[in-house]
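One structure is given here, and the rest of the page talks about it.
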């Protein structure tokens, strides 16, 4: 079923897809680039654009909702509204908000530990506290951490990108 969308929305989708593709192709998330000064900037743009695609999928009744390895969380947003992370769309929104608002409580691992843009290549135990144990559980993936939430590059980000592209492609045909 081909649905019509306005030019602005179509252009936003096409730009998001193009930029995410470029960022992923440049190999900035490989371990050899772990100290690259633009690594965090690339991740933030990637997550902002992915959030936009996932928002549009949700808006057009095609929510990307897989929950494999997604950290379920209840939290309060910037305005004090109760929120939940239940699936990948929620997790990406959480990470996007944490990454774009450095002062956000979303960046706290607990009241005494701020945990912003930590990256694990392969299988690792990143941090252990008496209440929390943050790990990266796969040897073949990269995991990004903001506060208590974490996203894998392949299992979350690339998968959500591919699923959102597939759903939104129906809106990009002439």
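All of the numbers you see were taken from the coordinates with simple rules; none came from a lab. Model, not experiment: these values are computed from the prediction. Because the Cβ atoms are built from the backbone with ideal geometry, glycine has one as well, and the counts that use them run over all protein chains shown.
Structural remarks
- For first residues located in the range 55-74 and without any contact (Cβ under 8 Å) to a residue 24 or more places away in the chain and on the phi < 0 side of the Ramachandran plot, partners that are in a strand (DSSP E or B) and surrounded by 14 or more Cβ atoms within 10 Å (Cβ to Cβ) and lie 6+ apart or on another chain with Cβ distances below 7 Å form the pairs 72/85.
- Lone unmet requirement of (1) part of a loop (DSSP other than H, G, I, E, B); (2) within 26 Å of residue 35 (Cα to Cα) for residue 120: (1)
- Residue count for the range 127-144 satisfying the condition of being in contact with a helix residue (DSSP H, G or I) (Cβ under 9 Å, 6 or more places away or on another chain) and part of a strand (DSSP E or B): 3.
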